[in-house]
Structures are given as structure tokens and as C-alpha cells.
1. Taking the stated definitions as given, is A:Gly91 within 13 Å of chain B (Cβ to nearest Cβ) and either under 24 Å from A:Val203 (Cα atoms) or open to solvent by less than 40 Å² (accessible area, probe 1.4 Å) (or both)?
2. So how many residues does region A:115-153 have that are part of a helix (DSSP H, G or I), modelled with pLDDT under 95 and hydroxyl-bearing (Ser, Thr, Tyr)?
3. Being among the acidic types (Asp, Glu) and over 30 Å from B:Leu135 (Cβ atoms) is true for just one of B:Glu251, B:Glu176. Which residue is that?
4. How about region A:48-71: which of its residues are within 11 Å of chain B (Cβ to nearest Cβ), in a loop (DSSP other than H, G, I, E, B) and closer than 24 Å to B:Gln202 by Cα?
5. Can A:Ala172 be described as among the small types (Gly, Ala, Ser), closer than 27 Å to A:Val41 by Cβ, outside any strand (DSSP E or B) and open to solvent by 40 Å² or more (accessible area, probe 1.4 Å)?
6. Out of (1) farther than 30 Å from B:His9 by Cα; (2) more than 13 Å from chain B (Cβ to nearest Cβ), what's the single condition that is false for A:Asp74?
7. Residue by residue through region B:93-121, note down the ones that are under 13 Å from the mean Cα position of the chain (by Cα), more than 8 Å from chain A (Cβ to nearest Cβ) and farther than 17 Å from B:Asn144 by Cα.
Amino acid sequence: MVAEDFKDFKLKPMKCELNYLSKSDGSAILAQGETVVLASVNGPLDIKITSQSMEKATLEVLFSAKGGKPNVSDRFKESVIRQTCETAILGCLYPRTGITVTIQELEDFGGLLTCAVNCTCLALLNSGLSMKHVVAAVGCALDDSGNLVLEPTYDQIQSAAATMHFVFDSRAKTLVTGFTTGIFSEGAYDEALERCRAASDLVFDFYREVVATYCKVIG
Amino acid sequence: MSDVYKVIHPNKYFNDYISLNVRPDGRKFDEQRSIKLNANAISNADASALIKCGNTTVVCGITLELATPKAEEPDHGFLVTNVELLPLCSSKFKPGPPSDYAQVISNTVNDIIKNSKCIDLKDLCIVSDKLAWVLYCDMVCLDNDGSIIDACITTLITSLKSLSLPAVSFDVETEEVKVDISNKTLLKVTGLPVATSFAIYQSPESNIVLTDPTTFEEEMCGGIGANLIVCWNQGLLCGVQKYGGGNIPTESQKNLLQVAKKRSKLVEEVIETCLS
């Protein structure tokens, strides 16, 4: 499988605004297609002694769904985002402190969690915390006839046999986080991984564009 | 002496073992712990199983109940899974409502079982829109020493495979329900999902993958629980989850799936032998 085969991929149009919130250390609002997420980062902050770590910063992630009560699947989303951020942030530079990430879902038309991860990454960039690398999340769906659809729409997800989501780092494009639903073969998994890896370039390019617009020096 | 060393300098203790190509408990990197499985461990549950995988011990009990199906899915029964991590199993868990980690474990186990489609919920329906079975599958962890999801899935599937449903007659006019305990049929279970956990340790030279990690190894690898969980269901994948820890190098990705596949065959054999 050659990555060049996938060069003509298009992701959903992404729109982003940094510093969306005035009082947080870093914030970003990101729209991927019609899915919209707002993320805010505060830190490094003082936290209570029991949750302090001598080795590294303690990361707290709060995910608020658009409506209704928090449920178990929100805890799962928080866990995914927290573990992803933990690998990306250089936590050892901020021992005995806390970093709080708050994510607010605004619209969900499929791919909510990938959008949330990307939005969190932009908010982290905006907050100026030291990071090892940035991360890009890409999702894809496998339909009943075995075709892969990159960045599926809401209807495509509902009818899909399987969905797969991957998060890659910006340096070696290795897999940071991955999660799947449904049943699929090993071949389909490998193909999805390679396609998403190739597509993650577009997300990284988008990050660069966003940062360049907000920072004239780099542009 | 080495016990003291483990407490005061855990990172170096672990690294010293890894650099000698051995794990603290003497296993090789890709070696798993021995599995002990016991079906029908609890006599007053409708079906149950107990697994001991190294020190990790999980007991699963299934209780049956009758209920009315949901209006939007009148032909479907219910499969309710729940994993309990009590203070008994590890000092990390406190009494009170389940911690975030416990909720994530519970959610992952539930997802894997739902995704594998090993139970057709339509089989649990007795009379459409009127009566259906509810399978309450409670898993209690007695001792948490890593790779808890593997243990939970194995005991759950063993319990499901040994579960038989009593015959039920339903009178549509009087809505009277009669349960005939003497006439039981085995529940149909298609496929056999088996999960395998890995921890990925970031060493300066390359990332090292540890199969079936203990709690200490999971902690050293920086994740909350295992870093990678691969779930095979008879030649097909039904869940690949990767959280935290080191990043997987592309070349070892394929190898990992094969290790998990091999283990799934072994666990399948264990379950078959246990039930026969």
C-alpha cells in the first residue's frame, strides 16, 4: 500500500477560530463539516494536594454533551481525550500542577469525537503549553459492501458495518489513539489505518494554516 | 532487597528488567499468564464463571428477569453488562459511586460484546411487544492485577455459553406468564470474542510491547489500564482500542494482531474444554 494513492483525499471543510473565549488560557472553536465543538484549556493551575503528581502535570478533562445528563459514554470520551493529550503534552515540565480541558459539544453531525480531539489540540496550541507533538484525529466508516468512507456523515455512520477512528502524531505519524466499533477484517483495518494516516496530513496542514493566520511572524 | 527497590525507585527497577529482556515476573515480552477458568462457579446465579488470569480474578454471574420490550424495539430483549471494581480488588478504588476508570472499563466491555454481535437480541424476545428476557450480567473483580478487560470478556462469554433459558408460555388474553423451569434450552451464542491486552513501554531505543500486562507494568507504561486492546471474534476483528502509552511503530502493528489472534485461539480452546 502506497500512501501516494490516497493523495486526492478531501476531508470535510474545517473552520476554526482561536481565542474564542476571553477568560481561558487557550480556547478554540472548530467546525468539521457541520459538527462543531468548543474547547477551552486552563493551566498549569494549582490543584488540591491529593491529585497532585510529583512526576508530571495532572490532566483533567470535562466533556459536556449538548443536551441531557452526563452519562457513561461521556466518561469514555473524556478518557480518550485525556490519554491522547497526556502523550502530546510535555507534562514533566509542570509537576505538581493541574491542566484542565473543557470541551463543549455544540453540534453533532457525525465524527464528534475526532472533531473534539482536533479542537482540543488547537486549544492546547493556543494556550502555549509545551507539547511533544500535535495530534490529528481522522475517522472512517466501512459500509456493508466493504468500501471505506473517510469522514463519514451522520447517515453513513448509522448504516455502516464498522467505524474506525485514529489519532496520529505529527512527527512519525505513528498511532497515538485508536478506537473502533463494529466487525471488520484485518485487511480492512490495515487499509483504513493507512488511508487515515495519509489523510492526517491535511489536518496537520490545516493546523499550520490556522497558527499562521494568528501569528504573523510565522506566516 | 528488590522489593524495597521496587517501592523507592519503580521506574529504574522496571527499566533494569526490561533492558535484560525479561519482565519483573520472569515472563518474556510476548508471554501471557496462565488462565484458570471455572464455569458455574456460583450455584444461585442462572449462569456464572470465574476466571483467574495470573492474579487477576473476575467472577461473572448472570441473572434472568422478564420485562416488557422497549416500544421502539418491540422484538428485542435486553443484555445488560456491568463491571464492578470494588475497593477489594485494588487500593486504587474507593467505596462509593464507580470511578471514571470503572465506568470506562464497563463501557468498553459492553461495547465489545455489542460489537461482536455474539448474542442476537431477537432470541431474547418471547412475545413481540409483550415479553422479553433481560440478561443481567454482573462481573465483579476480586483481584485486579492488570488486563482486566480480557478477563471480563472471557468470563462473560463462558457464562453466556453455559446459560440456558427456561421455557415460557404467555397467554395473550389474560397476560398470564408461566415459566417452566424443568424445560430449558441453551442460549444461542454465535462467535466467541476474545480480547487481548498489551502495554507499550517507551524505552529510549524502541517501543517494547508487553502482552497481558500486570497492573505494575500498566502503570509503568503510563496508561490508565492497558494501552492496546485487540479483540478477535473467529477470524474477524471486533474492536481495536489504543489509549495512551507509547506509540505503536508501524512495523510491529501486524505482529501484534497476530499475537492476539494466536491467544484468541488458545482462549477459545480453554473455554471449549471448560464447558465440555
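1. Taking the combined requirement at face value, the residue satisfies it.
2. Going through region A:115-153 one residue at a time, the tally reaches 1.
3. Details: B:Glu176 fails: over 30 Å from B:Leu135 (Cβ atoms).
Exactly one residue qualifies, and that residue is B:Glu251.
4. A:Glu55, A:Lys56
5. Spelling it out, A:Ala172 is indeed among the small types (Gly, Ala, Ser), closer than 27 Å to A:Val41 by Cβ, outside any strand (DSSP E or B) and open to solvent by 40 Å² or more (accessible area, probe 1.4 Å).
6. (2)
7. Across region B:93-121, the qualifying residues are B:Asn110, B:Ile112, B:Ile113, B:Lys114.
Okay, residues lined up against (1) open to solvent by 10 Å² or more (accessible area, probe 1.4 Å); (2) hydroxyl-bearing (Ser, Thr, Tyr); (3) in contact with a helix residue (DSSP H, G or I) (Cβ under 9 Å, 6 or more places away or on another chain):
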site	(1), (2), (3)
B:Asn115	yes, no, no
B:Lys122	yes, no, no
B:Val127	yes, no, no
B:Trp133	yes, no, yes
B:Cys141	no, no, yes
B:Asn144	yes, no, yes
B:Ser147	no, yes, yes
B:Asp150	no, no, yes
B:Ser162	yes, yes, yes
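The values are calculated or read from the model by the stated rules, or taken from the named source; none is laboratory data. Small disclaimer: the values here were computed from a predicted structure and weren't measured. Virtual Cβ from ideal backbone geometry, glycine too; neighbours counted across all protein chains shown. The accessibility values were calculated without ligands, DNA or RNA, using every heavy atom of the protein model including side chains. Shrake-Rupley method; radii C 1.70, N 1.55, O 1.52, S 1.80 Å.
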